[in-house]
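Novice: Have a look at the structure that comes next, please.
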């Protein structure tokens, strides 16, 4: 099965460090889409111990990633990276399906899914 997302080596190293700090080394990284934000959709990432029957599994640089089947179309081709700057580090998410996003960069919408926009 073709992979839905791409995770850079820098992002994978950061996730591994976070897993170690949280004592979640054996967990899965869930990448998700949820309603909200000023453009209607926002991204979510977190650690989970168990997978659901509707999850797609991927392996990126040694990290076991799970994505709900209903989120795969929205996330297809998304690239997750981690960048350091003078202000600290942070994850960047580039989604080719996003047709609009808000100024903060954490909210978006696609042509097929508007989500549930909120006031900023």
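All of the numbers you see were taken from the coordinates with simple rules; none came from a lab. Computed from a predicted model, the values in this text were never measured in an experiment. Because the Cβ atoms are built from the backbone with ideal geometry, glycine has one as well, and the counts that use them run over all protein chains shown.
Novice: Computed over the Cα atoms, what is the radius of gyration of segment 5-110 divided by 2.2 N^0.38 Å, N being its residue count?
Specialist: Output field value: 1.06.
Novice: Where in segment 30-72 does the label zone of residue 20 land, with the point 7 angstrom along Cα→C-beta and an amide N cut-off under 20 Å?
Specialist: Taking a point 7 Å out along Cα→Cβ of residue 20, the residues of segment 30-72 whose backbone N falls under 20 Å are 30, 46-48, 60-65.
Novice: Please work out the FRET efficiency for the pair residue 94 and residue 34, using the Cβ-Cβ distance as r and a Förster radius of 22 Å; give the result to the nearest 0.05.
Specialist: Plugging the Cβ-Cβ distance into 1/(1 + (r/R0)^6) gives 0.75.
Novice: If you find the alpha carbon centre of segment 18-37 and of segment 58-73, how far apart are they in angstrom?
Specialist: Centre-to-centre distance over Cα atoms comes out at 11 Å.
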